[in-house]
Amino acid sequence: MSKATIKHTYATFQLFWHHILKLKWLALSTTILFVISIAPGLIVPKLYKEFFDILSDSNLISMENIATLLGIILVKIFCANFGKAVLWSIAAMGGNKFSSNVATSLTNACFDHLLIRSHGFFNNNQIGAIVQKISRFIRSFEQLYDEFVWKWLPLIVESVATFFIISWRSKLLGSILLAWTILFSIISYIFACIKLPYDLAYSATRSSVTGHLVDSVANHDAIILFSGHNQEQKSFHAETKKQFSLKIFSENIGEFFGVIQSILIFTLEFAIYFFALRLWQEGLFTIGDFIMIQGYLLMMFKKLIEFQKLFRNVFKYIAYAEEMTAILVQKPEIQDLPSAEALIVREGAVSFSNISFTYKEGYSTLKNLSLHIRSGEHIALVGGSGSGKSTLIKLLLRFFDVQTGTISIDGQNIQNVQHTSLCGQISLVPQEPLLFHRTIIENIRYGKPSATDEEVIWAATQANCLEFINQLPLGFQEEVGERGMKLSGGQRQRIAIARAILKNAPILVLDEATNSLDPHSEALVKNALERLVSNKTVIS
Ligand code: ADP
Ligand code: MG
């Protein structure tokens, strides 16, 4: 059975802590309120002691007196339980607000982090797996907080109260309880540590199953075209089998620990009652004391029955967060230098000086390449498929950094300028246009967010888009589908050109923009491109 280990526990807590601190007053006040709301319940067993002590006291002769005293105690018990319920629900409302706020802040932080990751990062990580990691990271915080509020806090407060009250009645019983609690905690912790690696491995298989699922669904057409059903089924079923065998194994370990912990619990109960019986024989314990001890122990046991799960859950939820933490602690691959300034394009001259680049060590993609493109020049990259044309363009956009040599625009090394300003000065029309699952107008306006509707329509006209947009039932408000799936290749391409026209960057890069189009679409796209390329440095 494969195992895994936690590597980022500290970092996970640090990340959560950072976001918790943003709401420190809410966190503190709700925690205090939770503790206060546990308190009224703590006096209930003690009140029952008084109740039964009065009942069993043969010195009280008047029935009327007894009834009044007992009635008062019953009212106190009612008030304590009522107070507990009301205070708890107020605290829970504060807790919900706190937990939702932190979860929102964490979600935004994950999203913001992904935005600054490089092209290479997304090449190496399946989208489905990333989505799964983020949702598990957020769930992890919510579950840890629920565990803390509903399980750990009451358990700690009730155990401390039980220890003090039992010690008040008998030091011996108090010491037994303390020694037992320490032993019980250590054993639970050890068991949780043994189980943890299997929980982590299970978590990793869950991510890869989701990744596989998304990959297969996204490529469903390819599966049909290549009759890949059996192959897909085989590899997917193998992964789910691994996932579930890990789950069963890890749950079985949990069940085994559960038995051991149950034995510890009833051993304590036996020991406490055994010694309490002796104290009763010596006349030091009353009937009410037995009822009280029973009340406190039951209160503790109700929580302790789940204690083996508590440690385990903490580790399990941290393990769930692990994979996203591992991503969040990484520095973005492409970062601006502290001294980076905005790129200023006066001429639009692009220069590749003796650059070398490799995706994987040992496999050189581009070697000692030099290319100088003068301002306003139109150059075409020619080479067989896989020769590195797209790679060169990605290097110019700084999707990756060159290993040796420099790329500069108007004499400014692109590694020394702000990356956003670099991308702002280059328009890219790739072979597969990058469209959002949004409306046409939103997609075109992405080239210039401040553009008016008139400007967008003008750009669409320039890019030969109007004719097909007007035929769509919702026109510019039509959604294009995921990655523009509802449009044809030529239509997608023209929207990308409209967007580039709006952006109006001085350097234009066309990466085989017309390669996969039919002749009619190609003619329309080429015609649109002619309008786009004037007065620009063009690499195609
Ligand atoms: P072209 O655009 O000329 O057809 P590319 O620049 O796309 O070629 O690819 C050049 C080489 O780099 C190919 O051998 C390709 O397999 C490899 N390659 C491209 N992108 C990546 C990537 N993200 N990771 C690893 N290798 C890559
Ligand atoms: Mg290419």
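The values are calculated or read from the model by the stated rules, or taken from the named source; none is laboratory data. From a predicted model like this one, the values you see are computed outputs, not experimental measurements. Positions of Cβ are backbone-derived with ideal geometry, glycine not excepted, and every protein chain shown enters the neighbour counts. SASA here: full protein model, heavy atoms, side chains in, ligands and nucleic acids out. Shrake-Rupley method; radii C 1.70, N 1.55, O 1.52, S 1.80 Å.
Tabulated results
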quantity	calculated
Global size of the stretch 339-386 as Cα Rg and Dmax, reported in angstrom	14.2, 39
Spatial extent of the chain: Rg and Dmax, with the Cα atoms as the point set, Å	34.2, 113
Spin-label proximity, T107 to the stretch 115-138 - amide N less than 11 Å from point 7 Å beyond Cα toward beta carbon	135, 138
Sum of side-chain charges, K448 neighbourhood, beta-carbon under 15 Å (Lys, Arg +1; Asp, Glu -1)	-1
Environment charge of T514, counting only residues whose C-beta is closer than 13 Å and scoring Lys/Arg +1, Asp/Glu -1	-3
Alpha carbon centroid spacing (whole Å) that separates the stretch 27-79 from the stretch 283-328	25
Separation of alpha-carbon centers, the stretch 124-155 and the stretch 232-252, rounded to whole Å	22
Solution diffusion estimate, µm²/s, Stokes-Einstein, the stretch 394-446, Kirkwood Rh from C-alpha pairs, 10 °C, viscosity 1.306 mPa s	122
Kirkwood Rh in Å, taken over all unlike Cα pairs in the stretch 394-540	15.8
Helical mean residue ellipticity (222 nm; -39500 (n - 2.57) per DSSP H run of 4+; nearest 500) of the chain	-22000 deg cm²/dmol
Longest DSSP-loop-exposure-free segment, GluC sites (Glu not before Pro), the chain, at most 12 other Cβ within 10 Å	1-281
Chain lengthening between H520 and I156 when straightened (0.36 nm per residue, less Cα-Cα)	123.6 nm
FRET E, pair K24, I260, Förster distance 41 Å, beta-carbon r, rounded to 0.05	0.55
Cubic angstrom per residue, convex hull over Cα atoms of the stretch 221-346	261
Heavy-atom SASA rank of K242, K503, K133 (probe 1.4 Å, accessible area, largest first)	K242, K503, K133
Global size of the stretch 76-175 as Cα Rg and Dmax, reported in angstrom	21.8, 68
Full-stretch length increase - V131, E478 - with 0.36 nm per residue and alpha-carbon distance subtracted	122.3 nm
A326 paired with K97, simple spin-label distance in nm, labels 7 Å along Cα-to-beta-carbon	3.8
S353/I43 FRET efficiency (R0 56 Å; Cβ-Cβ; nearest 0.05)	0.10
Two-site FRET efficiency, V382 against H237, from Cβ-Cβ distance with R₀ of 56 Å, rounded to 0.05	0.75
Inter-part distance where the stretch 402-425 and the stretch 488-519 are each reduced to a Cα centre, Å	23
